[in-house]
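Encoded as structure tokens, the structure appears first; notes follow it.
The values are calculated or read from the model by the stated rules, or taken from the named source; none is laboratory data. Every value quoted in this text rests on a predicted model; they were computed, and no experiment measured them. Note: ideal-geometry Cβ built from the backbone for every residue, glycine included; neighbour counts use all protein chains shown. The area values use the complete protein model at the heavy-atom level, side chains included, leaving out ligands, DNA and RNA. Shrake-Rupley method; radii C 1.70, N 1.55, O 1.52, S 1.80 Å.
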Amino acid sequence: NGQLGSETEARDGLIMGTVDMASVATGNMAAIANEFTIFDIPYLINTNEQVDAILLDTNSPVRQSLDKGAETAGIKVLAWADAGFRCFANNVRPIEKPEDLHGIKLRTPDWPMLMAVINHFGGVPTSMSFSEVYLGMSQGVVDGFEQPVWGIVQEKMYEIAKYVSLNNHLANDDLYCLSMNRWSSLDKQQQDVLMQAAAKATQWQTETLRADMEGYIKSLEEAGVTVTKNIDYDLWNKECSFIYDEYADNYNAELV
């Protein structure tokens with residue numbers, strides 16, 4: 001519960017060896033391994049089938065490249081788990097098409113490509129700590145944010161957001177990680193046990209998250225939130241494609 005610091009601090013602790021184990025979201029890996037900047041590109045991955053084939057399959061060359069990048073930075077990735085797709089939530093209007101972002105002040109992580117997309121369609125990307133979003137929306141500092149549906153429910157963000165769009169602009173996965181310092185200190189049997197346990201845990205997380213998704217959506221609707229479900233992903237993907245040229249230096253083209 002944050003006792004070892006924020007997720008970013010825990011990630012850095014893994015590298016330094018001051019933290020043995022942590023769950024780190026893909027978006028927070030880009031700062032230490034360039035391979036992970038692909039997760040800043042909207043609509044590169046937007047279906048469960050793509051997540052399974054590209055990220056959760058240990059035989060995927062993309063997955064193997066990402067794991068290697070993390071290991072080079074000092075982090076051993078034990079396993080991957082689906083953590084849903086990031087969605088737009090706000091209290092101004094339903095967001096169905098890219099132009100619906102116009103004029104909406106959205107809290108975002110400090111991810112250049114995501115911020116560029118929001119700005120491109122007339123939105124106002126605002127970087128702030130997520131812990132400040134609830135108060136920020138209550139005071140009108142920001143109009144909305146983006147987060148997976150389960151997070152909106154579990155953190156009760158529906159109390160301040162009137163509209164949630166299932167636009168799935170970014171895949172959001174969790175990496176179960178071990179410090180390379182700690183990994184190297186274990187014998188082969190211990191390493192195998194950890195890998196097996198992590199595989200079971202991440203499978204449970206993925207299956208549970210997906211099985212509960214309809215329940216999360218129902219919870220939002222019961223709380224009075226308008227949930228926009230009929231999203232034209234092909235339209236969003238096409239409209240956001242300018243990112244590939246404008247930010248060509250920001251991502252690993254081979255992985256893309």
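Worth pointing out:
- Taking the C-alpha atoms only, the angle from helix 61-73 to the longest principal axis of the chain is near 70 degrees.
- Here Val256 and Gln3 are evaluated by their C-beta separation; at R0 = 30 Å the FRET efficiency comes out at 0.20.
- Here is the list for region 164-256: GluC sites (Glu not before Pro) lying in DSSP coil, each with at most 11 other C-beta atoms within 10 angstrom of its C-beta, are Glu254.
- Per-residue accessible area (protein heavy atoms, 1.4 Å probe) orders Thr18, Thr108, Thr47 as Thr18, Thr47, Thr108, starting from the largest.
- Furthest towards positive pole of dipole, Tyr233, Ile243, Ala211, structure part region 209-256, Cβ charges: Ala211
- Ordered from largest to smallest accessible area (heavy atoms of protein chains, 1.4 Å probe), the residues Met128, Met16, Met113, Met195 come out as Met16, Met195, Met128, Met113.
- Considering all C-alpha pairs of region 164-256, those separated by over 18 Å amount to 69%.
- Put a plus charge on the Cβ of each Lys and Arg, a minus charge on the Cβ of each Asp and Glu, and nothing anywhere else: the dipole of the chain about its Cα centre is then about 360 debye.
- Extension gain for Lys162-His102 works out to 19.9 nm (0.36 nm per residue, less the C-alpha to C-alpha distance).
- Part-to-part distance (alpha-carbon centres) for region 43-63 and region 79-103, which is given in Å: 20 Å
- Globularity index of region 64-108, i.e. its alpha-carbon radius of gyration over 2.2 N^0.38 Å: 1.87
- The long axis of helix 188-222 is offset from the longest Cα principal axis of the chain by roughly 10 degrees.
- Nearby lysines by direct alpha-carbon distance to Lys76 (threshold 20 angstrom, same-chain neighbours under 8 apart not counted): Lys68, Lys188, Lys200
- For the chain, the normalised intensity computed at q = 0.12, 0.17 Å⁻¹ comes to -0.72, -1.41 (log10 of I(q)/I(0), Debye sum over alpha carbons, equal scatterers, no solvent).
- The alpha carbons of region 1-127 occupy a box of 44, 33, 24 Å along the principal axes, longest dimension given first.
- Quotient of C-alpha Rg and 2.2 N^0.38 Å, computed over region 77-211: 1.29
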